[in-house]
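Each remark here refers to the structure printed beneath this line.
The values are calculated or read from the model by the stated rules, or taken from the named source; none is laboratory data. What you see is a predicted model, and the numbers here were worked out from it, not measured in a lab. Cβ placement follows ideal geometry from the backbone for every residue including glycine, while neighbour counts extend to all protein chains displayed. Accessible surface areas use protein heavy atoms only, side chains included; no ligands, DNA or RNA. Shrake-Rupley method; radii C 1.70, N 1.55, O 1.52, S 1.80 Å.
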Amino acid sequence: MASVKFLLRGEKNPSPIYLRFVHTREIDMFLRLNILINPKHFDKKKETVKNVLDIRNREEINLKLSELKVFIITSFNSAYINGETINKEWLQSIVNTFFNRSFIEDVLKIKNEEVYLSDFATWWLDNKASTHKVSVSKYMSDETKLQYSRARDLIIEFEKKKKIKLIDVSVDTLDRYSEYLTLKEYSSSTIVRHIRRIRFFCERAEQLNIQVNKGYKGQVFVKPKEVEYKDPYLTEEEIDNIYNLNIKNVHLNNVRDNFIIGLCTGLRISDFLHRLSIDNIDNVYIKTTTKKTNHKVAIPIHPYVIEILQKRNGELPPSCDDAEFNVRIKEICKLAKINELMIGGVQEIVSDPVTGEQTTRKKVDKYKKYELVTSHICRRSFATNLFNKVPNKVIMDVCGWKSERQMLDYNKQTNMESANILAEYWNNKKKQNKAL
């Protein structure tokens, strides 16, 4: 026969009241009710709270315990008749229903994603990233979500065994994170990017009314590497040499023509190699909408692009995947003898000495220029070669940049190159004055 008893399991003050549900020899379960009481005030024989003046709600507690007994027995009879499984999960659900805890627990329970940085990042990526708008009509892309997932993994790696609370993410935390990434030989620009991503997660938490430390907005100074360098770009002369190469291999020739289109349009690889079609091109302009920013751009057709289309009977060259493109353009630049020695960073795979986990790092050293070439050199070269030749607003509109700061990040002229431009300007000014 089923029976319900109430008891205490300990003498600590306060102690929770426990429920014991017994039915034959097969079912004997204990369940903590989380109703707390001083053991001195509990009558073990009557299974009720003693009539003590210090306990003002004793009548309410005793009434609830009495009603709970009846509710459990009634629920058990119904469950038994209908063939339900009788176990601890069933008993817990019955008690929750009686105390109306199913809703209240969800409201009162503090979840890990409301407390810890990495847990919030994981929860946000799983539940909110797909509906996060980056513009009026565009949501966060899968590629961007992957970047933020990698940032989350790096946060977890930094936390080790002690999770960082959102309320503790201060400037000091970000400084320590910066130092950690510096020791792992990340570049200063990459460190800045990862700090921005921590701030991004803190902003999202704040928008959801989760308590955060306002200090996450403070300024963080990232220590620059001892060897500073600028990413390479191809000069107009080097682009001419690439265009004029006599390449007999059909596949390599296709890559070269795509390379030239990228260099002469300033489009990202996702746009010029995979999304650009002949429908985007008329006799004067290339008109397209960029994949990353959903920005409409209009680019005058460069003479080299016109000649590529003419030799291909009005068709664009066949494309290839990004990884192959990055390998082949190095070969092409080597054929064009773009082999000036310069300081730069090359990605290499390294293994963690402790975990053995493989990660990618940028090794800074002296390399031949063609070794440093990647697909992004197209956009970088396009912008750099136009600086000081056309107004900045023109470069911004053609490349789809919304701020001048974004555009200036692409200026890869060295100090000496800028000095030579200024010297040439003064010499031309002097010649003009003499002519007058």
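Adding -39500 (n - 2.57) for every DSSP H run of four residues or longer, then dividing by how many residues the chain holds, sets the calculated 222 nm ellipticity at -14500 deg cm²/dmol. From most to least packed by mean Cβ count within 10 Å, the peptides 394-400, 20-26 give 394-400, 20-26. In a fully extended conformation the segment linking Leu146 and Lys287 would gain 47.9 nm over its present Cα-Cα distance, using 0.36 nm per residue. Ordered by solvent-accessible area of protein heavy atoms (1.4 Å probe), largest first, the residues Tyr177, Tyr367 come out as Tyr367, Tyr177.
Other residues lying with their Cβ under 12 Å from the Cβ of Cys264 contribute a combined charge of -3, Lys and Arg counting +1, Asp and Glu -1.
Ordered from largest to smallest accessible area (heavy atoms of protein chains, 1.4 Å probe), the residues Ser137, Ser118 come out as Ser137, Ser118. For the options Ser130, Ser189, Ser75, a Gaussian network treatment of the chain with springs between C-alpha atoms closer than 10 Å singles out Ser75 as fluctuating the most.
Here's the list of aspartates and glutamates a cross-link from Lys145 could span, going by alpha-carbon distance under 15 Å and ignoring same-chain residues fewer than 8 apart: Asp126, Asp153. Per-residue SASA remark: Glu11, around 140 Å² accessible (1.4 Å probe; ligands, DNA and RNA not included). Number of Lys-Lys pairs in region 1-82 with C-alpha atoms under 15 Å apart and a separation of 8 or more places or on different chains: 10.
Partners of Lys334 within straight-line reach, counting lysines whose Cα lies under 18 Å from its Cα and excluding those fewer than 8 residues away in the same chain: Lys248, Lys366, Lys368, Lys369.
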